[in-house]
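The values are calculated or read from the model by the stated rules, or taken from the named source; none is laboratory data. The shown structure was predicted, so the numbers you read here are calculated from the model rather than taken from an experiment. Cβ coordinates were reconstructed from backbone atoms using ideal geometry, including for glycine residues, and neighbour counts include every protein chain displayed.
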């Protein structure tokens, strides 16, 4: 999986990051993003779809093979299916560090 990086500055307390989707709906959260955005022991996040104005309660999982590798589960799969994401679509995330929610906007490929 390759991340399409766009500069992720903290502006007015917000972190903005974009990520290109792949064929794998289990895309992991890049560790640098996780470290900037999530609390060390954070186990949940609410994804807010800006287009549909709908929220998805998601669980943050840790992989068995590496405690630093995290991924968003549960509500993420509902979001992925409802948005009909395809490889090459870009997801734009915006959140405050250590918040319990993040905004997501889909940019179609």
Hits in region 63-87 - residues which are on the phi > 0 side of the Ramachandran plot and surrounded by 13 or more Cβ atoms within 10 Å (Cβ to Cβ): 74
In region 43-72, what residues are over 20 Å from residue 84 (Cβ atoms) and assigned to a loop (DSSP other than H, G, I, E, B)? 43, 63, 64, 65, 66, 67, 68, 69
Being out of contact with any helix residue (DSSP H, G or I) (no Cβ under 7 Å at 6 or more places or on another chain), more than 15 Å from residue 19 (Cβ to Cβ) and touching a residue at least 60 places away in the same chain (Cβ under 8 Å): is that true of residue 61 here? no
Residue 80 versus (1) modelled with pLDDT of 85 or more; (2) in contact with a strand residue (DSSP E or B) (Cβ under 9 Å, 6 or more places away or on another chain): which is the lone unmet condition? (2)
Among the residues of region 37-53, write down those that are surrounded by 13 or more Cβ atoms within 10 Å (Cβ to Cβ) and either within 12 Å of the chain's Cα centre (by Cα) or free of Cβ contacts under 8 Å to residues at least 24 places away in the same chain (or both). 37, 38, 44, 45, 46, 47, 48, 49
